[in-house]
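J.: My questions will all concern the structure given below.
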Amino acid sequence: MDLNARIPSGPISEKWDKHRFDLKLVNPANKRKFKVIVVGSGLAGASAAATLAELGYHVDCFCFQDSPRRAHSIAAQGGINAAKNYPNDGDSVYRLFYDTVKGGDYRAREANVYRLAQISNQIIDQCASQGVPFAREYGGQLANRSFGGAQVSRTFYARGQTGQQLLLGAYSALERMIGAKKVKMHPRTEMLDLVLVNGHARGIVTRNLITGTIESHSADAVVLATGGYGNVFYLSTNAMASNVTAAYRCYKRGAGFANPCFTQIHPTCIPVSGDYQSKLTLMSESLRNDGRVWVPKDKADCRKAPKDIPPSARDYYLERKYPAFGNLVPRDVASRAAKEAVDSGRSVLDQGRSAVYLDFETAIARDGKDAIADRYGNLFDMYERISGENPYTTPMRIYPAVHYTMGGLWVDYNLMSTIPGLHVLGEANFSDHGANRLGASALMQGLADGYFVIPYTIGNYLATAKQGDVNTDHPAFKDAEKAAQDKLKRLLNVGGDKSVDYFHRKLGVDIMWEHCGMARDKQGLEKALQMIPELRERFWREIRVPGSSSEVNLWLEKANRVADFLEFGEIMCLDALNREESAGGHFRLEHQTADGEAKRDDENYAYGAVWEYKGDGVAPALNKEPYTFEYVKLATRNYA
Amino acid sequence: MSDETMRITLHVWRQKGPNDRGSLQSYKTEANPHMSFLEMLDVLNEQLLSKNEDPIAFDHDCREGICGMCSMVINGRPHGPRNATTTCQLHMRSFKDGDEIYIEPWQAKAFPIIKDLMVDRSAFDRVIASGGYISVGTGGAPDANAIPIGKKQADEAFDYAACIGCGACVAACPNASAMLFVGAKVAHLSKFPQGQVERKGRALNMVAAMDTEGFGACTNHGECASACPKEIPLEAIMVLNREYARAQLSGGED
Ligand SMILES: Cc1cc2nc3c(=O)[nH]c(=O)nc-3n(C[C@H](O)[C@H](O)[C@H](O)COP(=O)(O)OP(=O)(O)OC[C@H]3O[C@@H](n4cnc5c(N)ncnc54)[C@H](O)[C@@H]3O)c2cc1C
Ligand code: SF4
Ligand code: FES
């Protein structure tokens, strides 16, 4: 597998500029001769589709929701980072770069991260000019806040709905191009496979989710922006239909999958309340600016009402363990500490359910209820709607949940995968966040990739690939269509007696969360690697999918996605087993310091682990992209 | 927990496809107050699946009240009984043991039924494509702080921009008018200096597209705003009417 990252030479601050000069251009008149497929309409996909169309390319854009505006990016709450340094508190491109590499526990590629930090400022300008209603100061300037433990205020936000507003901005740009007939939008259409001709990505096979029709679409290049795979855990903060199918199908066609075990567990989510639970809801990280996390010191107090537990009997464990950062330690650290507290028998929920308190009593006493309502009112309301409890008078109960996947398809500096012509953007690629993503950096990355990177780099590919015309009559399309159809047929024909959710839950909750979740060890991972194939085998014997493939069939859609999760989970566990170190969100119990902190092994694991498909039933091959750090000094993260 | 069990009778609109005749069908199920409304339906669907019956199709995705995908008329009210709450955010504690609950799809000419509770809302996208944007291409935007915008103005713009495009306003309106949805977008953009340039064309084109899509006229019932889960203010419609009148009077083109 060719893992040449094509990082431009020269000093890091000049690489992107130099690269843009070196890239081949497609002249304006020729752009309209090229067609680009964009799969996904989230921040990454919508921004890419709109921008490519503005440049003159023909764009076909796909999403499985009924409208591009509903992509999962819409749910992002907290904010988007940029190195504007408007508050004059010492931020810079270099600092944002440095923080992102360090926050990712030194498992990301320096050159890509630096470019991301450089572009961050343009994103804010672009979005503001589209009419995104960012929060403002009274003087009319944009407001910033500090987020996720950053020591500068670099986060731009739009109340607690930043993702929504940024996505609606990108969506409006996309709709403008749809209206101008420069983009053809295919909503409620799911990509089932990637089609290669002469080793280049030349199109996709899709299913129309209304009619069930399987169709082929050819193009000169394919851009994948299909989001993350957190739903492999069944319960996560992702939307219900988020899935790995598009990326996994590309993997099976030869795209390397990098660092699949790097998943982020967000510390502040509403806990699981029962077996019927279908998803988990995030409570913004910003709550930790004022909320204090605790559990009772004594197990025996756990069933008491919190108000009956005096402060002296409470264990504010983050403040105790990390006096410098207290409740603001990074996500991975806060999540593990919550697990530790619960594992010590001090969960504040009964019936084997897990939770810790997030308490605003001190903040309300200090700043008054109104001030707190002003800051977090909408979040408090949301909590109340879901839990039925009033967080102004009783502490919230929270617990970590799967939130984001740093791993993804491997891409080079041009965001091209190991398959020529297949480009991957947003959460679906692996490029910028290493082993742990900082808060407010995913929105930045999605928009950087879509608005400001791919429009340049894809031109270079199109100008140099010279692959000639291909249409959907090509046998490669027919074969892929048939394979997709056969798989659906197989699913419908099993005729067992178990539902798809039964298997999804077993995979996600009983195997992945249990053995490849917040803490992992060799024994558990090996067990998971034994359990997954067994469960997969049962799936193909015992599932029942109702209806047919030539109609709306939500259960068939789901079964097809879960079938891929059942294969993909294995690669995650393999990756977690291979990585004999702890880094960011990947915590191996065998690799920790005396006081329970993550212990990296830079000598042996400072590389991106890129998995290569070798056939069904055959172990994938491991390829390595070594990470070299020229600018950021490798150091142990220390938040104590 | 068993003492919390709620026995519920559901009357659900079932319709195989756009051209089939639908009808209400009744189901008995059990729930508990901590479940979300959609989780209650998930549980019912699992039961239907195990009996080899066709599960109920409904749209949903984020289940956090933000994507705008869920859409059901519950006991005659779009998104159900709780103010400012989408169907996916509704919990069974809003109901009680023994309740009968009616669940129907959005009903509007511009939103044809696809199956059961799923409808086609692509008309909304086409209305946005007709002018619900500021025409700035990527690149070349001035520094974001170059154009100061007062906090009050930005907050007001946000109030309108919060629309999730769910269509409850249309479903609630006796005329199936989309004025609140369109008004929200026009009002949002009209609050910004950047939005001024295309002001007239935007109002004219979006209203024309709304008519073409088959949405009805507004006769000031106000049902839309009271059904809106994001509490988009009724003033959105006033802003739209004003912008439209102004554009017509001054001859349309910007
Ligand atoms: C609750 C929550 C809060 C968050 N808050 C923040 C925050 O405050 N700040 C921050 O920076 N990040 C945040 N994140 C992370 C961030 O929102 C996501 O990482 C980011 O939005 C992903 O964008 P995307 O464009 O890559 O993918 P998505 O927005 O997930 O879009 C994926 C698109 O691909 C389409 N798609 C997928 N598969 C297929 C297929 N097979 N066929 C056709 N179409 C397909 C979907 O329809 C969709 O259009 C949050 C995440 C969650 C879950
Ligand atoms: S105005 Fe309200 S009800 Fe209408 S689409 Fe927007 S959010 Fe939904
Ligand atoms: S499912 Fe997203 S708003 Fe209800």
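J.: Can you work out the FRET efficiency for the pair A:Ala29 and A:Asn198, with r the C-beta to C-beta distance and R0 = 25 Å, to the nearest 0.05?
T.: Details: r = 26 Å, r/R0 = 1.03.
E(calc), rounded to 0.05, equals 0.45.
J.: Ignoring ligands, DNA and RNA, how do A:Trp555, A:Trp540 rank by accessible area with a 1.4 Å probe, largest first?
T.: Of A:Trp555, A:Trp540, the descending order of accessible area is A:Trp540, A:Trp555.
J.: Additional query: Taking the square root of 5 times each eigenvalue of the Cα gyration tensor, what semi-axes in Å does the equivalent ellipsoid of the protein assembly as shown have, largest first? Working shown, then result.
T.: On the way: eigenvalues 249, 230, 193 Å².
For the protein assembly as shown, the semi-axes come out at 35, 34, 31 Å.
J.: Let me ask something else. Quick check: Cα centre of segment A:509-525 to Cα centre of segment A:615-636, how many Å?
T.: 21
J.: Which one of A:Thr593, B:His34, A:Gln161 has its Cα pushed farthest toward the positive end of the charge dipole of the protein assembly as shown, where Lys and Arg give +1 and Asp and Glu give -1 at the Cβ?
T.: Selected residue: A:Gln161.
J.: Taking the Cα centroid of segment A:369-433 and of segment B:89-148, what is the distance between the two, rounded to the nearest whole Å?
T.: Answer, in whole Å: 22.
J.: What is the extension gain from A:Ser312 to A:Asn88, computed as 0.36 nm multiplied by their sequence separation minus the C-alpha to C-alpha distance, in nm to one decimal? Display every interim value, and only then the final one.
T.: Numbers: separation 224, 0.36 × 224 = 80.64 nm, distance 4.01 nm.
The span from A:Ser312 to A:Asn88 would gain 76.6 nm if fully extended.
J.: Which value in Å does the Kirkwood hydrodynamic radius of segment B:28-103 take, with 1/r averaged over all unlike C-alpha pairs and then inverted? Provide the component values of the computation, followed by the final result.
T.: On the way: mean 1/r = 0.0778 Å⁻¹.
Answer for segment B:28-103: a Kirkwood hydrodynamic radius of 12.9 Å.
J.: Can you list which of the DSSP-assigned H helices in chain A have a Cα extent of 24 Å or more along the long axis and an average Kyte-Doolittle score of at least -1.0? Don't skip to the end; give the middle numbers.
T.: Working: long enough: A:110-130 (30 Å, -0.29); A:162-179 (25 Å, 0.34); A:475-493 (26 Å, -0.94); A:522-542 (29 Å, -1.09); A:554-578 (36 Å, 0.36).
Membrane-span-like by this rule: A:110-130, A:162-179, A:475-493, A:554-578.
J.: If we count every other residue with Cβ under 11 angstrom of B:Glu30's Cβ, Lys/Arg +1 and Asp/Glu -1, where does the sum land?
T.: Working: positive: B:Arg7, B:Lys28; negative: B:Glu4, B:Asp97.
Value of the local net charge: 0.
J.: Could you size up the charge dipole of segment A:468-608 around its Cα centre, putting +1 on the beta carbon of Lys and Arg and -1 on that of Asp and Glu, and report it in debye to the nearest 20? Please list the in-between numbers first.
T.: Working: 21 positive and 28 negative charges, 142 e Å.
Rounded to the nearest 20 debye, it is 680 debye.
J.: Oh, and also: For chain A, give the share of DSSP beta bridges that are antiparallel, in percent and rounded to the nearest 5; count only bridges with both residues there. If you can, show how the numbers build up before the last one.
T.: Values: 44 of 63 bridges.
DSSP beta bridges in chain A are roughly 70 percent antiparallel.
J.: Now for a different question. Count, for each residue of A:136-144, the Cβ atoms from other chains sitting within 10 Å of its Cβ, then give me the mean as a whole number. Write down the numbers at each step before the final one.
T.: Values: counts 11, 5, 3, 4, 9, 5, 5, 2, 0.
Rounded to a whole number, the mean comes out at 5.
J.: What accessible area, in Å² to the nearest ten, does a 1.4 Å probe give for A:Phe134?
T.: About 0 Å², rounded to the nearest 10.
J.: Over segment A:157-229, what relative contact order in percent results from Cα pairs under 8 Å that are six or more residues apart?
T.: Details: 70 pairs, mean separation 12.9, N = 73.
Worked out over segment A:157-229, it gives 18 percent.
J.: How large is the dipole of segment B:88-241 about the Cα centre if only Lys and Arg carry +1 and Asp and Glu carry -1, each at its Cβ, rounded to the nearest 20 debye? Before the final figure, lay out the partial values.
T.: Working: 14 positive and 17 negative charges, 95 e Å.
That gives segment B:88-241 a dipole magnitude of about 460 debye.
J.: Round to the nearest 10 and report in Å² the accessible area of B:Cys70, as given by a 1.4 Å probe over the protein chains' heavy atoms.
T.: 10
J.: Among residues other than B:Arg126 whose Cβ falls under 14 Å from its Cβ, what is the net charge (Lys/Arg +1, Asp/Glu -1)?
T.: Numbers: positive: A:Arg69, A:Arg176, A:Lys181, A:Lys184, B:Arg121, B:Lys185; negative: A:Asp66, A:Glu175, B:Asp120, B:Asp125, B:Asp211, B:Glu213.
Net charge in that neighbourhood comes out at 0.
J.: To continue, here is another question. Label 7 Å along Cα→Cβ of B:Thr219; segment B:111-140 residues with amide nitrogen under 20 Å?
T.: B:111
J.: Across the residues of A:63-74, average count of Cβ atoms on other protein chains within 10 Å? Before the final figure, lay out the partial values.
T.: On the way: counts 0, 1, 6, 15, 9, 2, 8, 11, 3, 4, 1, 9.
Rounded to a whole number, the mean comes out at 6.
J.: In straight Cα distance, which lysines are under 30 Å from A:Lys18, not counting same-chain residues fewer than 8 positions off?
T.: Partners within reach: A:Lys31, A:Lys33, A:Lys35, A:Lys84, A:Lys102, A:Lys466, A:Lys624, A:Lys633.
J.: Using only alpha carbon pairs under 8 Å that are at least six residues apart, calculate the relative contact order of segment B:84-139 and give it in whole percent.
T.: So the answer I get is 18 percent.
J.: Now for a separate question. Can you check what the net charge comes to around B:Lys151, using other residues whose Cβ is under 14 Å from the Cβ of B:Lys151 (Lys, Arg +1; Asp, Glu -1)? Working shown, then result.
T.: Values: positive: A:Arg136, A:Arg159, B:Lys152, B:Lys191; negative: A:Glu137, A:Asp374, B:Asp155, B:Glu156, B:Asp159.
Net of charged neighbours comes to -1.
J.: While we're here: How many nm is it between the label spots at A:Glu526 and A:Ala373, if each spot is 7 Å from the Cα in line with the beta carbon?
T.: In this crude spin-label approximation the distance works out to 5.8 nm.
J.: Just from its helices, what would the mean residue ellipticity at 222 nm be for chain B, if runs of 4 or more DSSP H residues each count -39500 (n - 2.57) and the sum is divided by every residue, rounded to the nearest 500 deg cm²/dmol? Don't skip to the answer; put the middle values down first.
T.: Details: 8 runs with 84 residues, N = 254.
So the helix-based figure for chain B works out to -10000 deg cm²/dmol.
J.: Hey, another quick one. Give me the extension gain from A:Arg538 to A:Tyr456: residue separation times 0.36 nm, minus the current Cα-Cα distance, reported in nm with one decimal. Numbers along the way, then the final one.
T.: On the way: separation 82, 0.36 × 82 = 29.52 nm, distance 4.68 nm.
Residue separation times 0.36 nm, minus the Cα-Cα distance, leaves 24.8 nm.
J.: Next up: Would you list B:His79, B:His11, B:His34, A:His58 from the most to the least accessible area, probe 1.4 Å?
T.: Values: B:His79 0, B:His11 25, B:His34 65, A:His58 90 Å².
Correct descending sequence by accessible area is A:His58, B:His34, B:His11, B:His79.
J.: What is the diffusion coefficient of segment A:508-604 in µm²/s, taking the Kirkwood radius over Cα pairs and the Stokes-Einstein relation at 20 °C with a viscosity of 1.002 mPa s?
T.: 142
J.: Just want the answer: with Cβ charges of +1 for Lys and Arg and -1 for Asp and Glu, which residue in A:Gly408, B:Trp13, A:Ser354 is farthest toward the dipole's positive end in the protein assembly as shown?
T.: Final value for the positive-end residue is A:Gly408.
J.: By the gyration tensor of its Cα atoms, with a ≥ b ≥ c the square roots of the eigenvalues, what is the shape of segment A:266-403: rounded for a/c under 1.5, prolate for a/b over b/c, or oblate?
T.: Numbers: a/c = 1.23, a/b = 1.06, b/c = 1.16.
Judged from the Cα gyration tensor, segment A:266-403 comes out rounded (a/c under 1.5).
J.: How large is the dipole of segment A:133-216 about the Cα centre if only Lys and Arg carry +1 and Asp and Glu carry -1, each at its Cβ, rounded to the nearest 20 debye?
T.: On the way: 11 positive and 5 negative charges, 47 e Å.
With only Lys, Arg, Asp and Glu charged at Cβ, the dipole is about 220 debye.
J.: Please average, across the residues of A:306-319, the number of beta carbons from any other chain that are within 10 Å of each residue's own beta carbon, and give a whole number.
T.: On the way: counts 0, 0, 0, 0, 0, 0, 0, 0, 0, 0, 0, 0, 0, 0.
Other-chain Cβ atoms within 10 Å of each residue's Cβ, averaged: 0.
J.: Using a simple spin-label model with points 7 Å from Cα along the Cα→Cβ vector, what separation in nm is obtained for B:Asp99 and A:Ser9?
T.: 7.0
J.: Relative to the present Cα-Cα distance, how much length would full extension add between A:Thr393 and A:Ala180 at 0.36 nm per residue of separation?
T.: 71.4 nm
J.: Continuing with this model, one more query. Contact order normalised by length for segment A:268-404, with contacts defined as Cα pairs under 8 Å and 6 or more residues apart; what percent is it? Don't jump to the answer; show the numbers that get you there.
T.: Values: 192 pairs, mean separation 44.2, N = 137.
It rounds to 32 percent for segment A:268-404.
J.: As an exercise, use a Förster radius of 30 Å and the Cβ-Cβ distance of A:Lys624 and A:Lys478 to find the FRET efficiency, rounded to the nearest 0.05.
T.: Working: r = 37 Å, r/R0 = 1.22.
So the FRET efficiency works out to roughly 0.25.
J.: Additional query: Going toward the positive end of the dipole of the protein assembly as shown, with +1 on Lys and Arg Cβ and -1 on Asp and Glu Cβ, which of A:Met283, A:Leu491, A:Gln445 do you reach last?
T.: It is A:Gln445, whose Cα lies furthest towards the positive end.
J.: Among the listed pairs A:Lys182/B:Lys109; B:Lys115/B:Lys191; A:Lys482/B:Lys28, which are separated by more than 30 Å between their Cα atoms?
T.: Values: A:Lys182/B:Lys109 28 Å; B:Lys115/B:Lys191 39 Å; A:Lys482/B:Lys28 41 Å.
Correct reply: B:Lys115/B:Lys191; A:Lys482/B:Lys28.
J.: Among the lysines in segment A:293-389, how many pairs, 8 or more places apart or on different chains, have alpha carbons under 22 Å apart?
T.: 9
J.: Order the following by accessible area, largest value first: A:Thr51, A:Thr636, A:Thr226. Probe radius 1.4 Å; ligands, DNA and RNA are ignored. Mind showing how you got there, number by number?
T.: On the way: A:Thr51 5, A:Thr636 110, A:Thr226 40 Å².
Correct descending sequence by accessible area is A:Thr636, A:Thr226, A:Thr51.
J.: Using 1/(1 + (r/R0)^6) with R0 = 41 angstrom and r between the beta carbons of A:Asp275 and A:Glu580, what's the FRET efficiency to the nearest 0.05? Intermediate values should be presented prior to the final figure.
T.: On the way: r = 35 Å, r/R0 = 0.86.
Computed FRET efficiency for A:Asp275 and A:Glu580: 0.70.
J.: What distance in nm lies between label points placed 7 Å from Cα along the C-beta direction at A:Arg366 and B:Lys51?
T.: Going by the 7 Å Cα→Cβ label model, 5.6 nm.
J.: Can I ask one more? How big is D, in µm² s⁻¹, for chain B by Stokes-Einstein at 20 °C and 1.002 mPa s if Rh is the Kirkwood radius over C-alpha pairs? Could the numbers behind the result be given before it?
T.: Working: Rh = 19.8 Å.
For the chosen part, D equals 108 µm²/s.
The values are calculated or read from the model by the stated rules, or taken from the named source; none is laboratory data. Because the structure is predicted, anything quoted here is derived from the model rather than measured. Reconstructed Cβ throughout: ideal geometry from the backbone, glycine too, with neighbour counts over all protein chains shown. Only protein heavy atoms, including side chains, enter the accessible area calculation; ligands, DNA and RNA are left aside. Shrake-Rupley method; radii C 1.70, N 1.55, O 1.52, S 1.80 Å.
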